[in-house]
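A short worksheet on the structure shown next.
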Amino acid sequence: MKILRHMALIGLALATPVAANEAGDLVFAERGPWQLAGPLVWTIEQTGPTVEGYKPLGQGTITLSAATDPSDGKPVLELAEDTQRIKRKIGPFPSSSGDPTLTFFLETVARDMAALTGGSPFYIRNRLKDALFRGGEVRQEGGAQIAVFAPFKDDENRARMLGFETLELRFTLADPKQPIRSMVAQTGPLAGNQPAYENQMVLK
């Protein structure tokens with residue numbers, strides 16, 4: 001499936017800021033091998049303009065579950081998306097490493113930005129990946145670590161991004177080895193007086 005190939009590309013992928021690459025290290029921390037006692041559920045809420053070629057996901061859930069690969073009987077992970085826009089299963093993903101929910105979140109943001117701006121999805125994915133590996137800062141808020149990124153703030157093409165040059169990504173983590181508690185992507189108002197884009201996933 002095309003979305004799985006895209007998701008694989010992304011997956012390879014009051015405070016004082018710390019070293020720039022530490023923010024990415026926290027987000028991409030090794031969380032495997034996954035040993036789930038039961039499904040993990042994130043609520044998802046996405047708002048933004050409804051235009052030709054794009055409709056917000058609305059509200060729903062993303063569920064991460066353990067499964068068995070029918071081809072070889074090995075344990076794998078599977079995502080189930082249940083939102084106002086679509087209901088589907090995504091996977092399988094290896095249970096030994098990686099974070100399928102992070103991959104899903106970043107691919108959703110990249111795909112939505114491409115749909116709303118007409119920009120190249122390949123360029124957007126590469127810039128997101130580069131920002132998360134090389135940029136960002138870490139803040140301490142309420143006992144949690146918040147990794148914050150502004151991937152297009154200084155981009156040479158920001159004048160053509162129709163408001164997405166203001167995109168900010170925020171990841172809330174308690175323990176880097178544990179699932180990410182919340183993931184938020186948010187812009188200011190988009191071009192043409194369109195409402196801001198916001199996409200958030202929060203672990204129940």
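The values are calculated or read from the model by the stated rules, or taken from the named source; none is laboratory data. The structure displayed is predicted, hence computed values, not measured ones. Positions of Cβ are generated from backbone atoms using ideal geometry, with glycine treated the same way; all protein chains shown enter the neighbour counts. Ligands, DNA and RNA are excluded from the accessible area calculation, which covers all protein heavy atoms including side chains. Shrake-Rupley method; radii C 1.70, N 1.55, O 1.52, S 1.80 Å.
Values computed for the structure shown
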{"read-out": "Simple spin-label estimate for Glu52 and Ala29 in nanometres, 7 Å along Cα-Cβ", "value": "4.6 nm"}
{"read-out": "P(r) weight above 18 Å for region 93-204, C-alpha pairs, percent", "value": "50 percent"}
{"read-out": "Difference of contour (0.36 nm per residue) and Cα-Cα distance, Glu156 to Glu45", "value": "36.9 nm"}
{"read-out": "11 Å beta-carbon shell around Glu30, net charge (K/R +1, D/E -1)", "value": "0"}
{"read-out": "Residue-by-residue Karplus 3J(HN,Hα) for region 119-126, coefficients 6.51, -1.76, 1.60, Hz, glycine and proline x", "value": "x, 6, x, 5, 5, 4, 4, 5"}
{"read-out": "DSSP-loop GluC sites (Glu not before Pro) across region 88-176, with at most 12 other Cβ within 10 angstrom", "value": "Glu156"}
{"read-out": "Value of [θ]222 nm, deg cm²/dmol, for the chain, DSSP H segments ≥ 4, -39500 (n - 2.57) each, nearest 500", "value": "-7500 deg cm²/dmol"}
{"read-out": "Neighbourhood charge, 12 Å Cβ-Cβ cut-off, centred on Ala114 and excluding it, Lys, Arg +1 and Asp, Glu -1", "value": "+1"}
{"read-out": "By average C-beta atoms within 10 angstrom, highest first, the peptides 65-73, 169-177", "value": "169-177, 65-73"}
{"read-out": "Under Karplus coefficients 6.51, -1.76 and 1.60, residue-wise ³J(HN,Hα) of region 84-94 in Hz, glycine/proline x", "value": "5, 8, 7, 10, 6, 10, 10, x, x, 10, x"}
{"read-out": "For the chain: accessible area per residue (Å², 1.4 Å)", "value": "51 Å²"}
{"read-out": "In sequence order, calculated HN-Hα J values of region 187-204 (Karplus, 6.51, -1.76, 1.60; Hz; x Gly/Pro)", "value": "10, x, x, 8, 4, x, 6, 7, x, 5, 8, 9, 9, 9, 10, 10, 5, 6"}
{"read-out": "Whole-percent carbon and sulfur share, accessible surface of region 20-203, 1.4 Å", "value": "49 percent"}
{"read-out": "Sites Asp69 and Lys177 - FRET efficiency at Förster radius 35 Å, r taken between beta-carbons, to 0.05", "value": "0.90"}
{"read-out": "Largest-first ellipsoid semi-axes for the chain, taking √(5λ) over the Cα gyration tensor eigenvalues, angstrom", "value": "26, 21, 16"}
